[in-house]
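What follows is a short report on a single structure.
The values are calculated or read from the model by the stated rules, or taken from the named source; none is laboratory data. Quick caveat: nothing in here was measured; it's all calculated off a predicted structure. Virtual Cβ from ideal backbone geometry, glycine too; neighbours counted across all protein chains shown.
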Amino acid sequence: MNESGKPHGCERRRVVTIRKFREFETYADAVRDADLQMTLPRLQRPQWEIHAFAVADFHLQFGCEGGGNLMEGTARSDGTFLYLPLAGLQRANGTPMRRESILVVAPGCDFTISVLEEHQWCSIYVPTSVIARNIVYDAPCYASFAGACVVELEADEIAELRARLTRLRRTVGAAPELPPDRGSGRWMRRQLKTVCRKLLAADTSCGASTGRPPLVRSELARILRDQIACRGAEDLTIEDLATAADVSQRTLRTFFLEYFGVPPSRYLTIRRLNQVRSALRKGDPDETTVTAVAARFGFWHLGRFAGAYAKLFGEAPSDTLHAVGRRAAAECV
């Protein structure tokens, strides 16, 4: 018997999850490996899909989204979070991600990924213990890295990474019950070393600064996130946010366009619309009214609100409220 209690020579079996969704909220709840808040900024088609499985010590997720996503999150405290854009124009902490880009997030650190169109992505969760075992020679330097950094790989490196991940996804999807391939685990460790070397070679202390005096964008993001969490998007104005961050309204607008792809007023409206949708999905149609929920989040003109809501979510707010019977069917396997 080995340490896991299984007979020697018995490989671990893959635990593969392949899930398809018709609602953004149920999809968002299914994404793992970080503490995430997802906001839908634009919808093109109501289809979302996620594949999740383990290879050796690594946990992989492949996401396919039928619209945009403003993803604000914190990586797990016990591992590093790697994010690879596969399709669609994506930004990580205000930095445009190219085909060669990978976002590396240190344990317990914040990050923001913004996309305004249909897109695909892959994430890899790497336990800290794996990093310590496999890149010992870099461990002291790597341990000093804190934050989130976009790393650029060489063209041949990213081509190999994308091709291998695509093959791995297809293989696992076609035969989820087969035991994991040992070669895939070794390959993942080699890729980890490549990414970490690139990370250590990068200037991880450089973050584009904005405002006078200079303010690192990640710090500005934290201040604004705290303000919105404490007061709620419905109670905030652009002036409030600029004052809290001690920057001009022009600087604030530039920051939001870089980080989220939309101006601050639009960002706050999107947040409020998503909050309304969350309240309507949880509401009792016999006790809750659309008018009351809309007013709670600062929408006083019901006609304009209903139009903006339908444009973003593809249905009327009353349809969301009365879709209780649809909830069980929101996910289709």
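Observations
- Matching residues in the range 147-176 - criterion: being closer than 17 Å to His59 by Cβ and either free of Cβ contacts under 8 Å to residues at least 60 places away in the same chain or among the hydrophobic types (A, V, I, L, M, F, W, C) (or both): Leu161, Arg164, Leu165, Leu168, Thr171, Val172
- Pairs are defined by a Cβ separation below 9 Å, a sequence spacing of at least 6 or placement on different chains, a first member in the range 271-283 that is in the same structural domain as Phe297 (by TED's automatic domain parsing) and touching a residue at least 60 places away in the same chain (Cβ under 8 Å), and a second member that is of a type in the set (S, T, N, Q) and not in a helix (DSSP H, G or I); the pairs so defined are Arg271/Thr39; Asn274/Thr39.
- For the condition among the β-branched types (Val, Ile, Thr) and either within 29 Å of Ala242 (Cβ to Cβ) or assigned to a helix (DSSP H, G or I) (or both), Thr269 qualifies.
- The range 55-101: number of residues that are of a type in the set (Val, Ile, Thr) and under 13 Å from the mean Cα position of the chain (by Cα): 1
- Entirely in the range 121-193, the helices (runs of 4 or more DSSP H) that have 3 or more residues that are in the same structural domain as Tyr27 (by TED's automatic domain parsing) and at pLDDT 80 or above: 155-174
- Members of the range 101-117 that are among the charged types (D, E, K, R) and surrounded by fewer than 18 Cβ atoms within 10 Å (Cβ to Cβ): Glu117
- Every residue from the range 238-264 that is part of a helix (DSSP H, G or I) and either of a type in the set (Ser, Thr, Tyr) or loosely packed, with under 15 Cβ neighbours inside 10 Å (or both): Glu239, Asp240, Thr243, Gln249, Arg250, Thr251, Thr254, Tyr259
- Selection within the range 92-125 - touching a residue at least 60 places away in the same chain (Cβ under 8 Å) and at positive phi: Asn93, Gly94
- Residues in the range 64-93 that are surrounded by fewer than 21 Cβ atoms within 10 Å (Cβ to Cβ), among the hydrophobic types (A, V, I, L, M, F, W, C) and closer than 16 Å to Leu40 by Cα: Cys64, Leu89.
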